[in-house]
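The values are calculated or read from the model by the stated rules, or taken from the named source; none is laboratory data. Nothing here was measured: the structure is a model prediction, and the numbers come from that model. Here the Cβ positions follow ideal geometry from the backbone for every residue, glycine too, while neighbour counts run over all protein chains shown. Accessible surface is based on the protein model in full, side chains and every heavy atom, while ligands, DNA and RNA are left aside. Shrake-Rupley method; radii C 1.70, N 1.55, O 1.52, S 1.80 Å.
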Amino acid sequence: MASRRVSRSTTREDLGAPPGEQPACAHASTERASASAADVSALVEAGAIEELLGLALDQRNKQAVREGGGILPIVRLLPGEPVDAELPPGETGGTQHQAVTVVSALWSLAAQSAANQDAIREAGGVPLLVRQLSRPGSSADAPDLAGHVAGALWSLASNNTSNQHAVREAG
């Protein structure tokens, strides 16, 4: 699979949809067929993070990403501390743009998928997402990051009492 860059212009509308509609991701490739769990597992083993994120952003791959072990590696891409836009890329987990992409992938995976909502919580994603809100940074991407984190938390807590408690406990 070829590596591809994910756009910084993902909006809440790209990832969320009104109840009853499947969220559509603006970055989903219409040419690529759905991935299998084996495809995801191979990407995880190869450390092909860009490709894994690309698959996670495509709604057709929700189940495969979970079954192939892709949720934990994506959650681990979130910085443990909020992204500081003044640090060089690679420190505290990367740049604002990278954080927006990772959060967008988690938002996409969590939307209307109870199994993925639980898997993201079990991988430690809820407190890491909440931490991103405590100091979103000063770059132009800071509002995008905060909006994407809010959307991801909303999707995680939607119809999921365990995640609602986890969000509350994370502050």
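Total residues in region 59-79 satisfying the condition of being assigned to a loop (DSSP other than H, G, I, E, B) and either among the aliphatic types (A, V, I, L, M) or within 15 Å of residue 102 (Cβ to Cβ) (or both): the figure is 5. When the residues of region 122-151 are filtered to those that are modelled with pLDDT of 90 or more and buried (at least 23 other Cβ atoms within 10 Å of the Cβ), which remaining residue is farthest from residue 60 (Cα to Cα)? Per the stated criteria, the residue is 128. Collect the residues in region 152-171 that are in contact with a helix residue (DSSP H, G or I) (Cβ under 6 Å, 6 or more places away or on another chain) and either open to solvent by 20 Å² or more (accessible area, probe 1.4 Å) or in a helix (DSSP H, G or I) (or both), keeping them in residue-number order. 152, 153, 155, 156, 157, 163, 164, 166, 167, 170, 171, listed by residue number. Of the numbered criteria (1) at pLDDT below 80; (2) under 15 Å from the mean Cα position of the chain (by Cα), the one residue 90 fails is (2).
Annotation: residue 80 fulfils all but one of (1) open to solvent by 20 Å² or more (accessible area, probe 1.4 Å); (2) at pLDDT 90 or above; the unmet one is (2).
Given the options 115, 48, name the one that is modelled with pLDDT of 95 or more, more than 12 Å from the chain's Cα centre (by Cα) and among the small types (Gly, Ala, Ser). Going through 115, 48 in turn, the sole match is 115.
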